[in-house]
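Chemist: One structure, as structure tokens, below. Some questions next.
The values are calculated or read from the model by the stated rules, or taken from the named source; none is laboratory data. Keep in mind it's a predicted model, so treat the numbers as computed, not measured. Cβ sites come from the backbone with ideal geometry, for glycine too, and all protein chains shown count toward neighbours.
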Amino acid sequence: MALTASTMLPLGTAAPEFSLPATDGKFYSLQNFHAGKLLLVMFICNHCPFVKHVRQQLLALANDYQGKGVAFVAISSNDTQAYPADNMDNMKLEALNFGFSFPYLLDETQTVALAYDAACTPDFFLFDNNRQLIYRGRLDASRPGSDIPVTGTELRTALNAALADLPLSAEQLPSVGCNIKWKSGNAPV
């Protein structure tokens, strides 16, 4: 289990564009997520123990916040040749078995992960109504094998503040998880 921290893309960064296939057979782009809503972009994958550790909390977050004006999208950017557990067929099973209520997209070329400067799974990026980055960081302090319960408290705090039009603290802690499994020649320098 390789431990990698998120790179902490600068706050205020505009959400990079994407157009990717999803487990539901559709393609999704940034424009599919309506302006006027917050947007949470989550880089996850099927096989990562850190994602498995927080998966139920991700589902709870979507359940708690989608009706309040937050759009959710999950993106898997791992090399599916080297990690077939993360291929589209297995992503479809993951979304079905766990009842994902948000689109789960495959970034096979890894260009979207590179554009977002995503580094690990899970990696979270919260954008405001104007698609400017207002939070990037961890879900909470829990990790696989720790005695700390998975609550999503840090991301929930950010979501609640954003929904109430309150400023978010710039002091945000990086997410930690497995490194994105880069294809040869794609890894950022």
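Chemist: Test each condition in (1) under 19 Å from ASP86 (Cα atoms); (2) in contact (Cβ under 8 Å) with a residue 60 or more places away in the chain; (3) of a type outside the set (A, V, I, L, M); (4) in a helix (DSSP H, G or I) for PHE100 and report the one that comes out false.
Modeler: Every condition holds for PHE100 apart from (4).
Chemist: Also, I was wondering about something else. Please indicate, with yes or no, whether at least one residue in the range 138-152 is within 18 Å of LEU3 (Cβ to Cβ) and within 12 Å of the chain's Cα centre (by Cα).
Modeler: Yes: the range 138-152 contains one or more residues that are within 18 Å of LEU3 (Cβ to Cβ) and within 12 Å of the chain's Cα centre (by Cα).
Chemist: Here's something else I'd like to know. Out of the residues in the range 147-189 meeting the condition of being without any contact (Cβ under 8 Å) to a residue 40 or more places away in the chain and charged (D, E, K, R), tell me which one is surrounded by the most Cβ atoms within 10 Å (Cβ to Cβ).
Modeler: GLU154
Chemist: Scan the range 69-91 and give yes if some residue there is farther than 19 Å from CYS120 by Cα, at pLDDT below 95 and not β-branched (Val, Ile, Thr), otherwise no.
Modeler: yes
Chemist: Considering only residues that are assigned to a loop (DSSP other than H, G, I, E, B) and touching a strand residue (DSSP E or B) at 6+ places or on another chain (Cβ under 8 Å), look in the range 25-34 and name the one that is surrounded by the fewest Cβ atoms within 10 Å (Cβ to Cβ).
Modeler: HIS34
Chemist: Taking ASN46 and the conditions (1) touching a helix residue (DSSP H, G or I) at 6+ places or on another chain (Cβ under 9 Å); (2) surrounded by fewer than 16 Cβ atoms within 10 Å (Cβ to Cβ), which numbered condition does it fall short on, given that it satisfies the others?
Modeler: (2)
Chemist: Right, another one. Determine which member of the set ALA74, ALA113, ALA119 is buried (at least 17 other Cβ atoms within 10 Å of the Cβ), within 22 Å of LEU20 (Cβ to Cβ), free of Cβ contacts under 8 Å to residues at least 60 places away in the same chain and within 13 Å of the chain's Cα centre (by Cα).
Modeler: Criteria check complete, one pass: ALA74.
Results for (1) assigned to a helix (DSSP H, G or I); (2) out of contact with any Pro (no Cβ under 7 Å at 6 or more places or on another chain), shown as yes or no for each residue.
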site	(1), (2)
THR109	no, yes
ALA115	yes, no
PHE124	no, yes
ASN130	no, yes
LEU133	no, yes
ALA141	no, yes
GLY145	no, yes
VAL150	no, yes
ARG156	yes, yes
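Chemist: Which ones in the range 4-31 are among the polar types (S, T, N, Q) and either closer than 13 Å to ASP117 by Cα or in contact (Cβ under 8 Å) with a residue 12 or more places away in the chain (or both)?
Modeler: THR4, SER6, THR7, THR13, THR23, SER29
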